[in-house]
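*Asks:* Okay, handing you the structure first.
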């Protein structure tokens, strides 16, 4: 079946790109028979003696759970890079996202937002690891992605509209707006995933963090040598005493 699909794609005169996707585990036996396809030759050699040359519009992709049966030669030919979530961490997601914001926001503003983003997320991940419980397992990368998705809902207002060419005017208080949007993203991006028994603990922790208290020392949170920078209290445009928890607030 694979040979038929590759031959059909190779014989097609269409200029559209063709994708051949392997969705399943890598078998140590048959993957070796793909060597001539995956290297610079890009030729599939069949037992019948037929040789099928891949066109530039053809791409072979492997979507696998692991590389336990793949040899280093296969990995290098496919250009695979395996990064476990524990090794990758969550900081890279924030750094990458803030770098994208620099395309339409002031660089100094993005750098400041990035520092606060790391600060809030690092402390929240450390706190929920020891004092929180997620009904579905929530790693640091999982929580970072949730926060970024919520932030994007607010960032759309500052992105250039390519359809009408209208220039977006950045308000003077964009610094304060994005800080509050970040706090809101933290409330629901992280706190929203906690169960009902530990969500209240995170609510109190986040209030203390927003008010500028030293939560690292109070909750004995170890962020390593890079996590010792102090940040001023963040401004929330309301009196927290009027609400039972941060989950009662909404940033408009």
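The values are calculated or read from the model by the stated rules, or taken from the named source; none is laboratory data. Everything numeric in this text was worked out from a predicted model, so none of it was measured. Methodologically, a virtual Cβ is constructed for each residue, glycine included, from the backbone with ideal geometry; neighbour enumeration extends over all protein chains shown.
*Asks:* Assess whether residue 135 counts as being part of a loop (DSSP other than H, G, I, E, B), in the same structural domain as residue 187 (by TED's automatic domain parsing) and out of contact with any helix residue (DSSP H, G or I) (no Cβ under 9 Å at 6 or more places or on another chain).
*Replies:* So residue 135 fails the test.
*Asks:* Take the residues in region 79-102 that are in a loop (DSSP other than H, G, I, E, B) and modelled with pLDDT under 85; name whichever of them is nearest to residue 172 (Cα to Cα). Spell out how you get there, then give the answer.
*Replies:* In the first step, residues of region 79-102 are kept if they are in a loop (DSSP other than H, G, I, E, B); the result is 79-84, 89-90, 102.
From what's left, modelled with pLDDT under 85: 79-84, 89.
On the way: 79: 46, 80: 45, 81: 43, 82: 43, 83: 41, 84: 41, 89: 34 Å.
Among those that are in a loop (DSSP other than H, G, I, E, B) and modelled with pLDDT under 85, it is 89.
*Asks:* For region 99-124, enumerate the residues that are in contact (Cβ under 8 Å) with a residue 60 or more places away in the chain, farther than 20 Å from residue 157 by Cβ and buried (at least 20 other Cβ atoms within 10 Å of the Cβ).
*Replies:* 120, 121, 122, 123, 124
To keep it simple, each residue is scored yes or no on (1) surrounded by 16 or more Cβ atoms within 10 Å (Cβ to Cβ); (2) assigned to a loop (DSSP other than H, G, I, E, B); (3) modelled with pLDDT of 85 or more.
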{"position": "149", "(1), (2), (3)": "no, no, yes"}
{"position": "175", "(1), (2), (3)": "no, no, no"}
{"position": "181", "(1), (2), (3)": "yes, no, yes"}
{"position": "185", "(1), (2), (3)": "yes, no, yes"}
{"position": "192", "(1), (2), (3)": "no, no, yes"}
{"position": "201", "(1), (2), (3)": "yes, no, yes"}
{"position": "233", "(1), (2), (3)": "no, yes, no"}
{"position": "236", "(1), (2), (3)": "yes, yes, no"}
{"position": "252", "(1), (2), (3)": "no, yes, no"}
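*Asks:* Restricted to region 25-48, and to residues that are touching a residue at least 40 places away in the same chain (Cβ under 8 Å) and in a loop (DSSP other than H, G, I, E, B), which residue is surrounded by the most Cβ atoms within 10 Å (Cβ to Cβ)?
*Replies:* 26
*Asks:* Also: Read through the list (1) at pLDDT 85 or above; (2) assigned to a loop (DSSP other than H, G, I, E, B); (3) within 30 Å of the chain's Cα centre (by Cα), then give the number of the only condition that residue 13 fails.
*Replies:* That leaves (3) as the condition not met.
*Asks:* Report the residue count in region 3-24 for those that are surrounded by 14 or more Cβ atoms within 10 Å (Cβ to Cβ) and either under 19 Å from residue 68 (Cα atoms) or out of contact with any strand residue (DSSP E or B) (no Cβ under 8 Å at 6 or more places or on another chain) (or both).
*Replies:* Count: 1.
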